[in-house]
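Okay, here's the structure, questions in a sec.
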Amino acid sequence: MSIKEGSGPVSDVPMIELAHVKKAFGPVSVLKDISLRVPRGGVVALIGPSGSGKSTLLRCLNLLTIPESGFIRVGESTMDFTNGHKLPADRQLAAFRARTGMVFQNFNLFPHMSTIRNVMEGPVTVLKANPDAARETALGLLEKVGLKDKADVTPDKLSGGQKQRVAIARALAMKPQVMLFDEATSALDPELVGEVLAVVRQLAAEGMTMVLVTHEMAFAREVADSVVFMRDGVVVEEGPARQVIDTPRQPATRAFLSHFHSSGLQPVAANG
Amino acid sequence: MHYDWSFGFLLQYSRLIGVGTAYTIGFTILTAASGFVIGCVVAITSLSKVRFVSTPLVMLVEVFRCTPVLVQLVWIYYALPVLIGVELSPAVAAFIALSFYGGAFYSEIIRGGIVSIDVGQWDAGRALGMRRFDLMKRIVMPQALKQMIPPLVNQAVLQLKNTSLLSVLAVPDLLYQGQLITSATYRPLETYTMIAVIYFLILFPMTRAASVLEARLAR
C-alpha cells in the first residue's frame with residue numbers, strides 16, 4: 001500500500017488533485033467548478049445535504065462519473081477533460097480505476113461468488129495475478145477485516161456490516177493508492193455501523209489516503225483530517241475537521257450541522 | 001367408422017424416421033446455438049448505444065420478429081438468391097432463417113437479462129478496473145444467465161417446433177419423412193400420429209426440465 005512511500009520527502013505533493021471539475025446531468029449542474037487537494041495519507045470527509053453533489057464528486061475521482069471538464073490526478077494517473085480532449089477509452093478508464101479502491105453504500109458484492117472469490121476477483125481478472133497468490137492475499141485481507149472464517153460463504157449469508165467489510169477487503173486487494181467511501185455506513189443497521197467504521201479507522205491509522213462521503217459527523221470529526229462541506233454543487237467551506245464541525249464559519253454549514261448536534265456528534269465531542 | 005390401426009409397417013421405415021429425428025434435433029441445436037450468438041451480439045450492441053451499429057440490427061430483429069418463419073424460409077430460399085446471385089441449398093436457407101428468427105427472440109431475452117442486473121454490479125466491476133469484456137463475462141453474464149435460462153429453454157422448444165417448417169423446402173426433417181412414408185404407404189393416420197408422438201416425446205421432458213429449473217432458480 002501507499003503508506004510507506006508516503007512518509008518520504010514527496011509527501012508535500014498531493015495524492016489527489018482536482019481542478020475546475022464540472023458536471024451536469026442534462027440541465028442540472030451538479031458540480032460547479034470544484035477544486036480539491038488531498039495530501040498523501042490524508043483523510044477527507046465530504047459532507048453536505050443530499051443532492052449537494054458530494055457523491056458525484058467522489059465518483060468523479062475514479063471516473064465512474066465522467067466530468068464535462070476539469071483536471072483529475074490520483075497518484076501518477078492524470079485525466080484531463082479541459083476543452084478539446086476527447087472521452088478516454090475504455091482501457092484508459094479501467095487503468096485509472098484500478099489504482100483507486102471504492103466502497104459503495106449498497107456493498108455491491110458479487111452475489112455469484114464466494115466471499116474470497118469476491119476479494120480475489122480484481123487481482124485475478126484485472127491484474128492477472130496468480131490465483132494461488134491472490135488467494136493468500138485475499139485471506140490476509142479477510143483476516144484484517146475480521147472475516148477469515150467467512151471466506152467460503154456467499155455474500156447472502158453475511159450481515160450488512162460483514163458485507164461492507166468484505167467490500168473493503170475487495171477494494172484493498174487491488175493495492176489502491178487511495179480509498180473512496182460512498183456513504184459506506186448509510187445502508188447499515190445502527191448496531192453494525194461500528195464494525196465498519198473500525199476498519200476505516202484502522203486504514204486511516206495505517207496512512208491510507210481516503211475520501212469519505214459520510215453522514216457520520218462524529219466519525220468524520222474523529223478520523224478525517226479535513227472536512228469539505230458542499231451544497232448545490234459548490235464547496236461552501238473546507239478546513240480542519242474539528243474546526244469545520246465544531247465551529248463552522250459559514251451560515252450554510254452551521255445550518256446543516258445543526259441537524260446533527262442532537263444525535264451522534266455530541267457524545268464524541270464530549271470525549272474529545 | 002371402422003379403421004384397422006396397424007403401426008407395424010412403420011418398422012421398415014425406422015431408418016428414415018431416425019434420419020428425420022436427427023435432422024429435427026440437429027437443426028434445433030445448431031440454430032439455437034447460432035441464434036444465441038446472434039442474440040448476444042444484437043443485445044450487447046443495442047445496449048452499447050453505438051447507434052450506427054445498433055439501429056440496423058434492431059431493424060433486422062424487428063423484421064424477423066414481425067414476419068412468419070414460413071415466409072422467411074420461403075423468401076430466403078427463393079428470393080434472396082435472386083438478390084445476391086448465390087444459389088442456396090435448402091439446408092443453408094433453413095439454417096439462415098431459423099438462426100435469425102431465433103436470434104431475434106433470443107436478443108430480447110438476453111437484453112432483458114442484462115438490464116435486470118443492478119447498476120451497482122457494473123459500478124463495482126468498473127471500480128476494480130475491469131474492462132467491458134471482463135465485466136460482461138465475469139460479473140454481468142453469469143448473473144444474467146440465471147434469469148435467462150427459463151425463457152431461453154422455452155424459446156428452444158418453439159425453435160424445435162419450427163423446424164417442422166423445413167419440410168416445405170424438402171429438408172428431410174421428421175415431418176418431411178412422414179410425408180414420404182405416407183405417400184409410399186397411403187397410411188397417413190398411423191404415420192402422422194407417430195410423428196406427433198415423437199415430437200411430444202422430445203419436447204415433454206424438455207418443458208418439464210424447464211419448469212423444474214425455473215422453480216429451482218426462483219428459490
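FYI, it's all coordinate maths here, none of it is from the lab. Just so you know, these numbers come straight off a predicted model, no measurement behind them. Here Cβ is always computed from backbone atoms with ideal geometry, including for glycine, and neighbour counts include all displayed protein chains.
Roughly how many debye, to the nearest 20, is the charge dipole of chain A about its Cα centre, given +1 on each Lys and Arg Cβ, -1 on each Asp and Glu Cβ, and no other charges?
For chain A, the charge dipole is close to 380 debye.
Taking the Cα centre of segment A:120-173 as origin, work out the dipole magnitude from +1 charges on Lys and Arg Cβ and -1 charges on Asp and Glu Cβ, in debye rounded to 20.
Using Cβ point charges on Lys, Arg, Asp and Glu, segment A:120-173 gives about 180 debye.
Rg (Å, one decimal) plus Dmax (Å, integer) for the alpha carbons of segment A:49-136?
For segment A:49-136, the Cα-based Rg and Dmax read 15.6, 45 Å.
Then there is this: Listed highest first by mean packing, meaning other Cβ atoms within 10 Å per residue, what order do B:182-190, A:146-154 come in?
Put in order of decreasing packing, that is A:146-154, B:182-190.
Once you list every other residue whose beta carbon is under 10 Å from the beta carbon of A:P176, what net charge do they have if Lys and Arg are +1 and Asp and Glu are -1?
My count for the surroundings of A:P176 gives +3.
Across peptide A:106-112, how many C-beta atoms of other chains are within 10 Å of each residue C-beta, on average?
Partner Cβ neighbours, averaged per residue: 6.
Between A:P248, A:P67, A:P88, where does the largest GNM mean-square fluctuation fall for chain A, given springs only between Cα atoms within less than 10 Å?
A:P88
Give me the percent relative contact order of chain B, please, defined on Cα pairs under 8 angstrom at least 6 residues apart.
Value for chain B: 29 percent.
May I pose another question? Evaluate chain A: find the radius of gyration of its Cα atoms, find its Kirkwood radius, and give the ratio Rg to Rh.
Using only Cα positions, Rg/Rh for chain A is 0.96.
Further question: Would you work out which of B:Y77, A:L180, B:Y101 lies farthest towards the positive end of the dipole of the protein assembly as shown? Charges go on Cβ: Lys and Arg +1, Asp and Glu -1.
Among B:Y77, A:L180, B:Y101, the one farthest towards the positive end of the dipole of the protein assembly as shown is B:Y77.
Taking Cα atoms of segment A:122-272, Rg/Rh with Kirkwood Rh, to two decimals?
Value, to two decimals: 1.03.
Shielding of B:180-188 by partners, i.e. mean partner chain Cβ atoms within 10 Å per residue?
For peptide B:180-188, the averaged partner shielding equals 0.
For the pair A:A205 and B:S211, what calculated FRET efficiency results from E = 1/(1 + (r/R0)^6), where r is the Cβ-Cβ distance and R0 = 60 Å, to the nearest 0.05?
0.60
Please compute the alpha carbon radius of gyration of segment B:1-79, then divide it by the globular-protein estimate 2.2 N^0.38 Å. Two decimals is fine.
This ratio for segment B:1-79 stands at 1.77.
Another question about this same structure. Pop the C-beta distance of A:S35 and B:V63 into the FRET formula with R0 = 41 Å and round what comes out to the nearest 0.05.
Working from the Cβ atoms, E equals 0.20.
Okay, moving on. Return the long-range amide H neighbours of A:R231 (sequence gap of 5 or more, or a different chain), with a cut-off of under 5 Å between placed amide H atoms.
For A:R231, whose amide H was placed from the backbone, the distant partners under 5 Å are A:V236.
Can you give the log10 of the normalised intensity I(q)/I(0) at q = 0.14, 0.22 Å⁻¹, computed with Debye over equal Cα scatterers of segment B:119-219?
For segment B:119-219 at q = 0.14, 0.22 Å⁻¹, log10 I(q)/I(0) is -0.71, -1.06.
Going toward the positive end of the dipole of segment A:24-140, with +1 on Lys and Arg Cβ and -1 on Asp and Glu Cβ, which of A:M120, A:G41, A:S69 do you reach last?
My answer, from the dipole projection, is A:G41.
Same structure again: With +1 on each Lys and Arg Cβ and -1 on each Asp and Glu Cβ, and nothing else charged, work out how big the dipole of chain B is about its Cα centre, in Debye to the nearest 20.
780 debye
Moving on to the next point. Can you pick out the pairs among A:K32/A:K86; A:K54/B:K137; A:K128/B:K137 whose Cα atoms lie more than 25 Å from each other?
The answer is A:K54/B:K137.
Same structure, new question: Among B:C66, B:S14, B:A215, whose Cα lies farthest out toward the positive end of the dipole of chain B, if unit charges sit on the beta carbon of Lys, Arg (+1) and Asp, Glu (-1)?
B:A215
Quick check: net charge around A:S29, other residues with Cβ under 15 Å of its Cβ, Lys/Arg +1 and Asp/Glu -1?
Taking every Cβ under 15 Å from that of A:S29, the sum is +2.
Another question, then. What FRET efficiency, computed as 1/(1 + (r/R0)^6) with R0 = 22 Å and r the Cβ-Cβ distance, is obtained for A:V153 and A:A95, rounded to the nearest 0.05?
0.10
What number does chain B give for Rg over Rh if you use C-alpha atoms and the Kirkwood radius?
My calculation of the ratio gives 1.07.
Mind listing the Cα extents of the protein assembly as shown along all three principal axes, in Å, largest one first?
Principal extents (Cα only, largest first): 102, 52, 42 Å.
Can you compute the modelled spin-label distance between B:D4 and A:S186, with each label point 7 Å from Cα toward Cβ, in nm?
Placing both labels 7 Å beyond Cα along the Cβ direction yields 8.4 nm.
Before rounding to the nearest 500, sum -39500 (n - 2.57) across all DSSP H runs of length at least 4 in the protein assembly as shown and divide by the residue total; then give [θ] at 222 nm in deg cm²/dmol.
-16500 deg cm²/dmol, from helical runs alone.
What trypsin sites (Lys or Arg not before Pro) in segment B:48-89 are in a loop by DSSP, with at most 13 other Cβ atoms within 10 Å of the Cβ?
B:K49
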